[in-house]
Amino acid sequence: MYRAPLEELRFVLEELLGTGQLAACPALADYSDEVGASILEEAARLAETVLDPLNRPGDREGARWTPDGVSTAKGFKEAYQQFVTGGWQQLGTDPRFGGQRVPQPVSSGVQELWGSANLAFQLCPMLTHGAVHTLELCGSETQQRLFLPKMTSGEWTGTMVLTEPQAGSDLGQIRTRAVPEGDHYRLFGQKIFITWGDHDYTDNIIHMVLARIDGAPAGTKGISLFIVPKVLVNPDGSLGERNEVRCVSIEHKLGIHASPTCVMEYGHDRGAVGYRIGEPNRGLEYMFIMMNTARLAVGVQSYAVGERAFQQAAEYARGRVQGKPAGAGNADRLPITHHPDVRRMLLTMKSSTEASRALSFYAGLQLDLAAYHPEAAVRAAAQARGDLLIPIVKAWCTETANEVAAIGVQVHGGMGYIEETGAAQYVRDVRITTIYEGTTGIQSNDLIGRKIGRDRGAAMVALIADMRRELGGLQPGEGAPRETCDAAQQGIALLESATRSLVSNMAAAPERALAVAVPYLRLSGLVIGGWLLAKSAVIAAAGRGAAGKDFYQSKIHTAHFYARHVLPQALGLAKVVEEGASSVLETEPERI
Ligand SMILES: Cc1cc2nc3c(=O)[nH]c(=O)nc-3n(C[C@H](O)[C@H](O)[C@H](O)COP(=O)(O)OP(=O)(O)OC[C@H]3O[C@@H](n4cnc5c(N)ncnc54)[C@H](O)[C@@H]3O)c2cc1C
């Protein structure tokens with residue numbers, strides 16, 4: 001049974017990040033820690049009582065394709081209705097269209113709860129949110145008036161429609177055509193892998209489709225973005241005729257079975273009516289504007305599954321009796337949590353998940369400061385830091401969560417490998433998170449190319465300086481928090497020298513930097529996570545907040561474990577970044 005980690009969420013929001021201070025930004029003036037806590041409590045109730053019970057049945061039944069459209073698994077439609085009635089789709093969107101602005105880390109906390117309880121369910125609201133965000137930022141007044149209120153409320157859902165068979169990571173290859181016709185366009189093309197591209201939740205689905213206007217330049221500079229409703233919308237907002245939008249099949253896949261992954265056909269005869277967003281040929285640019293929040297959201301959903309896998313593994317281990325733990329004396333009927341290795345596995349899961357959460361919320365905070373802080377200099381610095389952190393959140397959290405879910409199976413032994421316990425579902429579900437919204441390889445290219453390359457490492461150097469200064473200013477006392485802080489400082493020094501090496505490689509031979517881009521990204525995530533956990537340990541040692549004594553003790557131990565068992569991987573990764581490129585490049589592709 002899933003239990004929302006409310007104490008931990010509040011600790012990160014209130015004590016580690018001081019999210020309440022965002023109320024000083026006029027756009028978030030209504031926010032307070034109390035508001036955040038009550039939002040999380042309400043969300044936890046829905047997650048625990050409505051979404052979690054549907055998770056395993058949804059996995060077994062899956063979504064079904066029919067010629068009339070996709071049917072969702074039993075109970076999902078009703079759960080979605082409850083979700084909409086509770087006003088949850090509105091959270092984190094623009095009040096001008098009926099939304100409720102809250103700090104990004106609070107939105108992330110809520111998304112975590114949905115993701116832990118039921119990842120397949122969470123994907124539909126997450127994509128609607130992405131579509132809403134795109135329209136808020138780039139839509140015309142008419143488009144916003146026609147579509148946003150109903151999408152913000154959840155009455156209609158949204159999708160993000162990019163991928164085609166020949167255009168996955170390389171969106172410059174998109175072929176879907178858009179032919180101008182009066183005030184709109186006619187679209188023709190097939191898209192694949194479209195999450196929640198069709199379903200029976202709502203009367204309408206608003207697709208955000210990338211396509212190429214006839215005669216547009218080749219490659220990424222010739223792609224435009226279109227609104228393509230499943231059912232056309234009349235000028236007064238009522239529903240009109242059915243558009244030429246069809247789900248022709250759904251994929252049979254490894255996990256997230258209750259989330260339909262659709263092959264979509266746009267235009268089988270006259271073409272699907274689409275409305276261009278913004279200027280022609282700037283579609284990818286518009287998509288990139290909302291990419292930060294979408295990538296952050298995938299990072300969050302990954303560690304959310306990790307959290308669920310951890311809870312399940314810990315519960316199983318507390319009940320499973322096997323073998324006589326070393327040093328147990330005469331007490332031979334003890335659960336496997338008494339075996340040091342099982343404890344090591346559980347602590348790896350817990351500490352990695354806590355580091356991922358802290359990193360994701362910290363990145364979200366930067367996006368808030370970048371958007372809402374009254375001072376331009378603070379906004380600019382936060383934007384640079386947020387931009388730097390997003391690929392790290394997306395790729396490091398997702399790669400880590402895959403490891404966490406796999407360890408969850410290991411904790412169960414054979415019972416983890418069979419479907420009965422549910423541990424295997426987390427491995428299957430979380431697997432997609434390193435792939436969609438840009439693979440780990442693509443995130444790492446983004447980190448070293450667009451982020452580190454653009455400013456020759458300045459944003460990373462600034463972060464390194466801040467991490468070092470902050471840790472230096474803490475008073476950890478003696479014992480575990482002091483050791484944790486020292487280990488975090490050592491990690492920071494490794495990241496610093498690896499960054500120097502990467503920047504000099506990038507100038508001389510970019511392929512050398514690309515050959516170690518993923519290890520560099522992993523190193524960054526590991527070290528920044530270590531810094532945030534070290535800070536957490538010092539705050540917990542002071543124990544001034546609202547959490548209980550046991551919680552603070554656990555926080556200190558978990559951070560110490562991370563410093564001693566997880567963070568030392570930084571040494572190996574830094575070595576790979578500094579010395580590993582040649583071993584990749586000297587091997588010809590055809591000789592692998
Ligand atoms: C369940 C599911 C849901 C999805 N939902 C959506 C959705 O809602 N909307 C949508 O538009 N798409 C969606 N996708 C598509 C998803 O975004 C793509 O699968 C993803 O971007 C990768 O593209 P690809 O599958 O073509 O892999 P490829 O691009 O062929 O990549 C294959 C491998 O090559 C590597 N690679 C490729 N290019 C580079 C490079 N330049 N540098 C280094 N490595 C590289 C990749 O990292 C990867 O390891 C979904 C996919 C799945 C499976």
* Structure fact -> Restricting region 558-571 to residues that are in a helix (DSSP H, G or I) and open to solvent by less than 40 Å² (accessible area, probe 1.4 Å), the one nearest to residue 494 (Cα to Cα) turns out to be 570
* Of the residues that make up region 75-85, is at least one closer than 25 Å to residue 432 by Cβ, open to solvent by less than 40 Å² (accessible area, probe 1.4 Å) and more than 23 Å from the chain's Cα centre (by Cα)? -> yes
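Considering every residue within region 407-414, establish whether at least one is in a helix (DSSP H, G or I), away from the ligand (no atom under 16 Å from the Cβ) and under 29 Å from residue 390 (Cβ atoms). Let's see the steps before the verdict.
Residues of region 407-414 in a helix (DSSP H, G or I): 407-412, 414.
Now restrict to residues that are away from the ligand (no atom under 16 Å from the Cβ): 407-412, 414.
Cutting the leftovers down to under 29 Å from residue 390 (Cβ atoms) gives us 407-408.
Yes, that holds for at least one residue.
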* To do: Might you check whether a residue that is open to solvent by less than 20 Å² (accessible area, probe 1.4 Å), within 16 Å of the ligand (Cβ to nearest atom) and farther than 30 Å from residue 217 by Cα occurs anywhere in region 247-256?
  => yes
* Asked: Which residue, of 481, 476, is outside any helix (DSSP H, G or I), away from the ligand (no atom under 15 Å from the Cβ) and in contact (Cβ under 8 Å) with a residue 24 or more places away in the chain?
  -> 476
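Going by the conditions given, is residue 423 closer than 19 Å to residue 531 by Cα and open to solvent by less than 30 Å² (accessible area, probe 1.4 Å)? Give the derivation first.
Details: closer than 19 Å to residue 531 by Cα: no; open to solvent by less than 30 Å² (accessible area, probe 1.4 Å): yes.
So residue 423 fails the test.
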* How many residues are open to solvent by 40 Å² or more (accessible area, probe 1.4 Å), part of a helix (DSSP H, G or I) and within 8 Å of the ligand (Cβ to nearest atom) when one looks only at region 426-464? -> 3
* **Only one of 367, 389 that is closer than 18 Å to residue 27 by Cβ, among the aliphatic types (A, V, I, L, M) and under 16 Å from the mean Cα position of the chain (by Cα)** => 367
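Do we have any residue at all in region 267-275 that's at pLDDT 95 or above, open to solvent by 20 Å² or more (accessible area, probe 1.4 Å), among the hydroxyl-bearing types (Ser, Thr, Tyr) and assigned to a strand (DSSP E or B)?
At the first step, the residues of region 267-275 found to be at pLDDT 95 or above are 267, 269-275.
Checking the rest, the ones that are also open to solvent by 20 Å² or more (accessible area, probe 1.4 Å) come to 269-270, 275.
Narrowing further to those that are among the hydroxyl-bearing types (Ser, Thr, Tyr): 275.
Now drop any that are not assigned to a strand (DSSP E or B), which leaves 275.
Yes, because at least one residue in region 267-275 is at pLDDT 95 or above, open to solvent by 20 Å² or more (accessible area, probe 1.4 Å), among the hydroxyl-bearing types (Ser, Thr, Tyr) and assigned to a strand (DSSP E or B).
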* Could you say whether any residue in region 507-518 is part of a helix (DSSP H, G or I), in contact (Cβ under 8 Å) with a residue 40 or more places away in the chain and open to solvent by less than 10 Å² (accessible area, probe 1.4 Å)? -> yes
* Selection within region 366-406 - surrounded by fewer than 24 Cβ atoms within 10 Å (Cβ to Cβ) and either in contact with a Pro (Cβ under 6 Å, 6 or more places away or on another chain) or not in a helix (DSSP H, G or I) (or both) -> 373, 374, 375
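Please report, ordered by residue number, the helices (runs of 4 or more DSSP H) entirely within region 99-205 with at least 2 residues that are open to solvent by 10 Å² or more (accessible area, probe 1.4 Å), modelled with pLDDT of 95 or more and closer than 29 Å to residue 14 by Cα. If you could, list the steps in order and put the result at the bottom.
Values: elements: 104-117, 119-138, 141-153.
Ranges flagged: 104-117, 119-138.
The values are calculated or read from the model by the stated rules, or taken from the named source; none is laboratory data. Here the structure is a predicted model, which means the values were calculated and not measured. Reconstructed Cβ throughout: ideal geometry from the backbone, glycine too, with neighbour counts over all protein chains shown. Areas reflect the complete protein model, heavy atoms only, side chains present, ligands, DNA and RNA absent. Shrake-Rupley method; radii C 1.70, N 1.55, O 1.52, S 1.80 Å.
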